[in-house]
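The values are calculated or read from the model by the stated rules, or taken from the named source; none is laboratory data. Because the structure is predicted, anything quoted here is derived from the model rather than measured. All Cβ positions, glycine included, derive from the backbone under ideal geometry; neighbour counts span all protein chains shown. The area values use the complete protein model at the heavy-atom level, side chains included, leaving out ligands, DNA and RNA. Shrake-Rupley method; radii C 1.70, N 1.55, O 1.52, S 1.80 Å.
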Amino acid sequence: MALCCRSFPHSSPPISCLSLSFPIKKKGICVVSAFQNMSDAMAVLHKLQTGLDVNVKFTGVRVFEYTPECIVFDLLDIPLYHGWLVDPQMHDIVKAVGNCSYNQLVEKIISCKQSDNSELAGEGECFLFTPQAS
């Protein structure tokens, strides 16, 4: 990807221009899709100043739920990694987490805690307060 930023300070009002060009590496990619991907990436670039919303899954260091912010990394061919993994020896936790993303897991815990079913409510409490080995 090439990124070019030019300023025209003597224009009225001053103008800044940002230009991006992305090489299309994959055969068969539609030009319309490539332009849509660039447009999507441009829409989230301003978030780089404060942080991007990525939603990890706990099954692998490169496993994320897709969010619009991921397109920036895809287009720049930058791999994303995280360290939020479940210890495979903690079978109850592995079973409880399953293939849930972080956001799905938070929703699951809230649902369990708010449940009228005392067994489900206990699961939410148990999961939240299970001591973790460090």
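Quick rundown of the values:
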read-out	value
Relative contact order of the range 36-114, defined on C-alpha pairs under 8 angstrom at six or more residues apart (%)	31 percent
Leading residue at positive end of dipole, the range 36-114 (Cβ point charges), from Ala43, Ala96, Val63	Ala96
Nonlocal amide H pairs with Phe64, under 5 Å, H built at 1.01 Å	Lys57
Cα centre as origin, Lys/Arg/Asp/Glu Cβ charges: the range 36-114 dipole, Debye	260 debye
Radius of gyration and Dmax over the Cα atoms of the range 36-114, both given in Å	15.0, 43
Asp74, Asp40, ranked by accessible area, largest first (probe 1.4 Å)	Asp74, Asp40
Under 5 Å, built H, 5+ apart or other chain: amide partners of Val86	none
